[in-house]
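First up is the structure itself, then whatever we jot down about it.
The values are calculated or read from the model by the stated rules, or taken from the named source; none is laboratory data. Quantities reported herein were computed from a predicted structural model and do not represent experimental measurements. Every residue, glycine as well, gets a Cβ built from its backbone with ideal geometry; the counts of neighbours run over all protein chains shown. Side chains are part of the model used for accessible areas, which takes the heavy atoms of the whole protein and leaves out ligands, DNA and RNA. Shrake-Rupley method; radii C 1.70, N 1.55, O 1.52, S 1.80 Å.
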Amino acid sequence: MDSLDIGFIGLGVMGEPMAQHLAAAGVPLVVWNRTAPKCEVLRAAGARVATSPADLFERARVVLLMLADGGAIDSVLGRGTPAFAANVADHTIVHMGTTSPRYSRELEADVRAAGGRYVEAPVSGSRGPAEAGELVAMLAGEATVVDEIRPLLTPMCHDAIWCGPVPNGLLMKLATNIFLISLVTGLAEAAHFAQVHGLDMRQFQAVVDAGQMSSTVSREKSGKLVDRDFAVRASISNVLENNRLIVEAAREANLAIPLIDVCHALFGETLDLGHGPLDMAAVVHAIEARTGARSRVIQG
């Protein structure tokens with residue numbers, strides 16, 4: 001086994017472009033994904049494809065996980081089974097997805113007890129920044145281990161910021177997501193307000209994009225709202241899960257989160273309307289539905 005091999009598990013919306021950047025940078029990469037055909041893009045880029053998670057852990061000592069939730073992580077690690085110790089001992093596990101901070105803290109304890117090392121590295125950014133290699137990683141863990149991992153993130157991230165011990169990386173991710181979710185929801189509401197009042201939506205987009213509140217996110221989402229183009233960058237279902245994690249962490253700390261409570265309801269309503277796979281800007285559908293319901297009450 002080549003001890004320099006780097007493992008990457010999870011080739012979804014975010015994971016695939018992230019792994020492609022590693023392969024393009026010449027990182028000796030071995031990948032695995034539950035849906036095997038997704039590995040073929042990475043094979044074509046020069047990565048080797050493992051036959052199973054266990055096969056990957058045999059080939060690589062550093063393993064990056066970009067998985068949907070704790071259940072998926074536990075499954076590939078074999079957590080709760082005898083395979084877990086064999087998979088993580090003498091390995092560095094880098095958790096790059098988004099789970100609850102409590103889950104990550106408990107996972108770190110289990111990995112270290114089994115003789116492994118653990119780093120949190122959740123990323124800020126959606127499919128677009130992932131494709132551009134412009135993600136921001138929020139690192140947490142032992143400083144010496146984090147320093148060893150940091151250079152590996154360079155092809156995927158334009159910045160990597162150490163946030164302290166686990167679970168500070170995930171807490172930081174949830175904090176930044178409060179801003180992101182509130183921003184996009186507010187922009188969707190503004191677009192709905194403008195449209196219902198008969199404003200020229202191209203002019204609305206021009207004003208938003210030219211103003212002091214303009215950002216990479218607002219420019220992308222304003223275009224989606226005006227064009228009604230909800231091709232996914234960060235899906236309604238994914239954002240709703242992130243929203244749930246924020247609510248859970250806030251409740252544990254007895255925090256008030258009035259904006260996120262409203263967003264949580266709106267994203268849930270958008271999911272119920274059947275728009276789960278669409279981009280988060282599609283939250284405008286829930287706002288439109290509320291307007292429609294209000295109009296029916298008034299007319300009735």
Taking the stated definitions as given, is A140 in contact (Cβ under 8 Å) with a residue 12 or more places away in the chain, outside any loop (DSSP other than H, G, I, E, B) and under 14 Å from L64 (Cβ atoms)? no
Being assigned to a helix (DSSP H, G or I) and either within 20 Å of E148 (Cα to Cα) or free of Cβ contacts under 8 Å to residues at least 24 places away in the same chain (or both) narrows R112, R102 down to just R112
A careful count of residues in region 268-288 that are more than 18 Å from the chain's Cα centre (by Cα) and either in a loop (DSSP other than H, G, I, E, B) or closer than 19 Å to G125 by Cβ (or both) gives 3
Counted residues in region 269-296 being closer than 22 Å to A194 by Cα and without any contact (Cβ under 8 Å) to a residue 40 or more places away in the chain come to 11
Every listed condition ((1) modelled with pLDDT of 95 or more; (2) open to solvent by 60 Å² or more (accessible area, probe 1.4 Å); (3) over 26 Å from M66 (Cβ atoms); (4) not β-branched (V, I, T)) holds for G223 save (2)
Can you confirm whether region 144-155 contains a residue that is under 19 Å from the mean Cα position of the chain (by Cα), closer than 21 Å to M18 by Cα and free of Cβ contacts under 8 Å to residues at least 60 places away in the same chain? yes
Condition set in contact with a Gly (Cβ under 8 Å, 6 or more places away or on another chain) and touching a residue at least 60 places away in the same chain (Cβ under 8 Å), scope region 217-255, selection farthest from V123 (Cα to Cα): answer is E220
Considering residues that are assigned to a helix (DSSP H, G or I) and surrounded by fewer than 13 Cβ atoms within 10 Å (Cβ to Cβ), the number found within region 228-261 is 3
Residues of region 154-173 being part of a helix (DSSP H, G or I) and crowded, with 24+ Cβ neighbours inside 10 Å, in sequence order, are G169, L170, K173
Filter region 45-61 for residues that are touching a residue at least 24 places away in the same chain (Cβ under 8 Å) and assigned to a helix (DSSP H, G or I); the one that is surrounded by the most Cβ atoms within 10 Å (Cβ to Cβ) is F57
Residue hits (region 22-35; open to solvent by 60 Å² or more (accessible area, probe 1.4 Å) and either over 24 Å from P151 (Cβ atoms) or acidic (D, E) (or both)) are R34, T35
Is region 183-193 home to any residue that is modelled with pLDDT of 95 or more, within 18 Å of N238 (Cβ to Cβ) and β-branched (V, I, T)?
-> yes
Exactly one of L42, L64 is of a type in the set (A, V, I, L, M), assigned to a helix (DSSP H, G or I) and crowded, with 22+ Cβ neighbours inside 10 Å, and that one is L42
Q.
So for region 78-92 (the condition being within 23 Å of V13 (Cβ to Cβ) and surrounded by 16 or more Cβ atoms within 10 Å (Cβ to Cβ)), does at least one residue qualify?
A. no
Filtering region 132-153 down to residues that are surrounded by fewer than 18 Cβ atoms within 10 Å (Cβ to Cβ) and not β-branched (V, I, T) yields A132, E134, E142, A143, D147, E148, R150, P151
